[in-house]
Structure formats: structure tokens, C-alpha cells
Amino acid sequence: MATPVYRCRECGTDLNLSSSYLYPPNTYFEAGNKGTLSFSFIDDSKFMFEKEDKIRPFFETVNYWGIQRRRTKIKCGNCGRRVGYVYDDGPPMTDSPGQLHMGPSQVIPRAPRYRFKIQSINIT
């Protein structure tokens, strides 16, 4: 079976994404999964990153909403088209059970999750 190649839909540049870092489709994240592919690692040299900090209501899922949204846009390093976002809702970076042993919390650093919009990439 051939390894899929992920390309920017705008310019056709190979984004050098590896399916070995792809999260399984049934993995749940706070920021939702609809219409996206999530990776645990990407080649930073293929992308440009732009911080985004908006103060306005937003809704991702029924249980995930807020007033201030901080995230990082992922743009194609060749043409500058936005292909996704970086979120900090990946798995905990430590094996700690959290404060007071009540499970992971926002105090525990979380691994970044790179979420790519399916409509922004071509998979060949």
C-alpha cells in the first residue's frame, strides 16, 4: 500500500506530513474533529505560523466554547494559504495524574495538535 502524500490545494506543494503521526479518526479532542485531520508532529520548515488572539464568543462543540480564542494559524510555506491551526489540547506531556490526582488539567502542559482542514489539502 502506497504512503499518502499531503499537498497544499492552492499550489500543490508537498507538505511533508507523515501518516505515522496522524491521530486515529475516533480520537476526541476539545476543539472537535469535523472536516479535519490531526497530526502530533509536522515538519516546521514547510509552514509559516501566525498567532491569532481574538476576543469574541466562539463555539467549537456544545461543551467547548469561550470568549477569548488563542491559537496559531498554519500557512503553506510556499503560497501562504491557511491550511490549519495548532491547538494545545493534545495528550498531556507528562504522566502526572494532575492536581490533587483529579486528572489532567490546564496546569499540565499539553502536547500540540496540528489540525489540518481537509478542504485545504489534497491527499494523493
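What to note about this one:
- Residue within segment 82-100 that is modelled with pLDDT of 85 or more and either among the polar types (S, T, N, Q) or more than 26 Å from T13 (Cβ to Cβ) (or both) present: no
- Index of the failed condition, K51 passing every other in (1) touching a Ser or Thr at 6+ places or on another chain (Cβ under 8 Å); (2) among the basic types (K, R); (3) under 21 Å from Q119 (Cβ atoms): (3)
- Of the strands (runs of 3 or more DSSP E) lying entirely inside segment 1-72, those containing at least 2 residues that are modelled with pLDDT under 90 are 47-61.
The values are calculated or read from the model by the stated rules, or taken from the named source; none is laboratory data. Since the model is a prediction, treat every value here as computed from it, not as a measurement. Ideal geometry is used to build each Cβ from the backbone, glycine not excepted, and the neighbour counts take in all protein chains shown.
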